[in-house]
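The values are calculated or read from the model by the stated rules, or taken from the named source; none is laboratory data. Computed from a predicted model, the values in this text were never measured in an experiment. Cβ sites come from the backbone with ideal geometry, for glycine too, and all protein chains shown count toward neighbours. Accessible surface areas use protein heavy atoms only, side chains included; no ligands, DNA or RNA. Shrake-Rupley method; radii C 1.70, N 1.55, O 1.52, S 1.80 Å.
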Amino acid sequence: MNNIIRISILFMVAAFCSNFAIGQISEGGEPLSFKSSESFSEISYYEITKPDMEKIRIEDEKNALNDDLYLYGRKLPVNLSIDNAGEWTDLPDGDRVWRMKLYSEDALALFLLFDDFWLPTEGRLFVYGGDKKQVIGAFTEFNNRESGLFATELIFGEVIVLEYFEPQNVRNMASINISSLGYAYRSVNFLRDGKSFGDSEVCEVNINCVPEGDDWQDEKRGVARISVVTSQGFGWCSGSLINTTLEDGTPYFLTADHCAEGTSTEDLEQWTFYFNFEATACTSPTSQPSYNSMVGGTKIARGGESGSDFYLILLNNYVPMSFTPFFNGWDRSAAPPTGGVGIHHPAGDIKKISKFNSATSGGWLSNNTHWRLSWETTQNGHGVTEGGSSGSPLFNNSGYIVGTLTGGASACVAGGAGTGTGPDKADYYGKFYYSWSSNGSQDYSKLKPWLDPSDSGVTTVNGKDGYDNIQIQADFISDLTSIYPGESVEFTDISNAFPGYSRKWNFEGGSPESSVMSTKSVTYDNPGVFSVSLTINSYQGDDTLTDVEIKTNYITVIDTSTSSMNELDMNGIIIYPNPATNYINVSSERDFIIESIRIFNATGELVRQKQNNLAKNMKIELGNLPAGIYNIFLINDKKSISSKFSLLR
């Protein structure tokens, strides 16, 4: 390979996530360089030193013995950005394209972690492999988060390329900084060098096998594979969308607390959730199946590993209807399930199903927190659980979630996962019953406040197919509406929409003129009356819902060089003595509450102010102000009124 830029790295041990790039939420399209390749020359690449695989092997063996998170990759710090790396290509119309290529030897797949990610309107980012067969994007302003964090799916192979299209009118506005390159070395499920598809054990049963999966075609659509980011690394877990008593499509996702051990708020923003990753029939495919994925979430509640081990997440976006989501129902009763299934992604593989006939209480850390069960042989195998299955739902025969997987000793063959493991050995699921309200007294340790927000008291909730149309409404408030030149107003977005929506402010006459933040301070330097608008977008299915709130003539910046403003509002306002010598009294004889008073000299300089008061009468000491004519402004949150007084010396 030519034009190599070498970056030698001392990598921190951590593991990463991802999957084939078929379905991450994005706008779609094709990179510009694909359409007009003659205009784009080959670019150099940055070689990122691969991790020490012998060290990783030892660590992974230790993790397996301790039943720790199943890791499939390592994180390689790089700190490469649009400002310090890559190459630009100028286009004839003034637009341009930035590209950067990364290479790491022997990687089965690569993926990107961003710690500063922000794209302006009309900016478009694509990510693809060296052979250009796998493409994700276009990522746009919709993918911006206030945290600036973002992550991509896995791109198979040793090469990953970024391509950003920058229109001339938003030049130098994008922030794209890659903090780490994810290096996947196992369990990425694709055909290479004669390796059979999938990394799970041979006894596992695909979700669409007949008859095992026949009765679970709805429930399976709620189950997803998770690429987990933690302080220890990146790995695979499983989990499920879960319904609430409101049945409003709130994207709650239930998994296991131990999957999130060491996970920070920032790490959760980079978790990736893979839906519909499954074989279309009973036989495992010979190539990568399609899937859909989305990035990021927020911790809502957790049961703790010493409790029932549940972990409830609110996904960053509504699950698109194109994912065909199913929000699984639940049963919070204490009765042991008399049979059912587990649906999961063992070793990060395609979706599998395991069947049980009964469960008993106890056996993990406490007899009250978990269900204990063993798996049964079925027509197409003997499904068990493996690393990567953690957090997956346990369904009773009625199709309700009754538990989440913590761990156990099941394996395809005796001793297959270590001493004491085998097909007849027990697995343990944290009880949904216990997770409901028994892990602690605070809301953050219970499922109840979140899954039954109306406090209906019901014991079961059915699963829900998708969700009804979502209504969004843009709205905002500000701390001030009348100010003086050079002062600032703080605006706050109070829109009625799911937290994953994107926004764009426009501040007429202000600095800055626009923003995407939920709260923004804006400075106004010139007198006048200005409008403010807020546009929000929420992704629903294949559509983007949009709403705009425009407040016309919302901000008044007072011209201090004239006292003619609001003269008609002066009735009932008395200033005395006038002329004054040492002080003035300001009195309101009508329903005008004074919040602040500001006094300016004849040149417009602010010389006195009194504020943070709510009164109808105020006294202001004039101190050593020189003789002259002064403008006085009385202000509250409704209006500003003014007059003049004379000061004699």
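Residue-level check: of (1) within 21 Å of L162 (Cβ to Cβ); (2) out of contact with any helix residue (DSSP H, G or I) (no Cβ under 9 Å at 6 or more places or on another chain); (3) not aliphatic (A, V, I, L, M), E61 misses just (1). Residues in the range 374-411 that are of a type in the set (A, V, I, L, M, F, W, C) and assigned to a loop (DSSP other than H, G, I, E, B): W375, V384, A409, A411. Residue under question is P51, and the condition is that it be part of a loop (DSSP other than H, G, I, E, B), modelled with pLDDT of 85 or more and within 30 Å of the chain's Cα centre (by Cα); does it hold? Spelling it out, P51 is indeed part of a loop (DSSP other than H, G, I, E, B), modelled with pLDDT of 85 or more and within 30 Å of the chain's Cα centre (by Cα). All conditions in (1) open to solvent by 70 Å² or more (accessible area, probe 1.4 Å); (2) more than 25 Å from E269 (Cβ to Cβ); (3) in contact with a strand residue (DSSP E or B) (Cβ under 6 Å, 6 or more places away or on another chain) hold for N496, with the sole exception of (2). Looking at the range 242-260 only, could you name the residues that are outside any strand (DSSP E or B) and either open to solvent by less than 10 Å² (accessible area, probe 1.4 Å) or at pLDDT below 95 (or both)? Passing the criteria: N243, T244, L246, E247, D248, G249, T250, P251, D257, H258, C259, A260.
For the range 277-311, the candidate set comprises residues that are in a loop (DSSP other than H, G, I, E, B) and in contact with a Pro (Cβ under 9 Å, 6 or more places away or on another chain); within that set, the residue that is farthest from L365 (Cα to Cα) is T280. The set of residues from the range 312-330 being open to solvent by 10 Å² or more (accessible area, probe 1.4 Å) and part of a strand (DSSP E or B) comprises L314, F326.
Which residues, counting only those in the range 489-531, are of a type in the set (S, T, N, Q) and touching a Gly at 6+ places or on another chain (Cβ under 9 Å)? Across the range 489-531, the qualifying residues are T523, N526, S531. Tell me, please, whether a residue that is among the acidic types (D, E), over 30 Å from M321 (Cα atoms) and open to solvent by less than 50 Å² (accessible area, probe 1.4 Å) can be found in the range 420-430. Taking every residue of the range 420-430 in turn, at least one turns out to be among the acidic types (D, E), over 30 Å from M321 (Cα atoms) and open to solvent by less than 50 Å² (accessible area, probe 1.4 Å). Which one of V210, V205 is at pLDDT 90 or above, hydrophobic (A, V, I, L, M, F, W, C) and in contact with a Lys or Arg (Cβ under 8 Å, 6 or more places away or on another chain)? Unique residue meeting the criteria: V205. Return a yes/no flag: does the range 225-241 have any residue that is under 16 Å from K464 (Cα atoms), modelled with pLDDT of 95 or more and not aliphatic (A, V, I, L, M). Yes, the range 225-241 contains at least one residue that is under 16 Å from K464 (Cα atoms), modelled with pLDDT of 95 or more and not aliphatic (A, V, I, L, M).
Considering E589, E605, the condition of being open to solvent by 20 Å² or more (accessible area, probe 1.4 Å) and modelled with pLDDT under 80 is satisfied by E589 alone.
Among the residues making up the range 621-649, those that are of a type in the set (A, V, I, L, M) and open to solvent by less than 10 Å² (accessible area, probe 1.4 Å) are L622, I632, L634, I641, L647. Contact map, the range 205-224: first residue part of a loop (DSSP other than H, G, I, E, B), second residue among the hydroxyl-bearing types (S, T, Y) and surrounded by 22 or more Cβ atoms within 10 Å (Cβ to Cβ), Cβ cut-off under 9 Å, separation 6 or more or different chains; pairs are E212/S354. Cβ separations smaller than 6 Å between residues 6+ apart or across chains give the following pairs from the range 500-520 residues that are over 25 Å from Y318 (Cβ atoms) and modelled with pLDDT of 95 or more to residues that are acidic (D, E) and open to solvent by 30 Å² or more (accessible area, probe 1.4 Å): F507/E513. Can I300 be described as aliphatic (A, V, I, L, M) and open to solvent by less than 10 Å² (accessible area, probe 1.4 Å)? In short, no.
Would it be correct to say that I56 is assigned to a helix (DSSP H, G or I), at pLDDT 85 or above and either touching a helix residue (DSSP H, G or I) at 6+ places or on another chain (Cβ under 6 Å) or open to solvent by less than 40 Å² (accessible area, probe 1.4 Å) (or both)? Please lay out each step first, then the result.
Values: assigned to a helix (DSSP H, G or I): yes; at pLDDT 85 or above: yes; either touching a helix residue (DSSP H, G or I) at 6+ places or on another chain (Cβ under 6 Å) or open to solvent by less than 40 Å² (accessible area, probe 1.4 Å) (or both): yes.
Considered against the rule, which asks whether it is assigned to a helix (DSSP H, G or I), at pLDDT 85 or above and either touching a helix residue (DSSP H, G or I) at 6+ places or on another chain (Cβ under 6 Å) or open to solvent by less than 40 Å² (accessible area, probe 1.4 Å) (or both), I56 comes out as yes.
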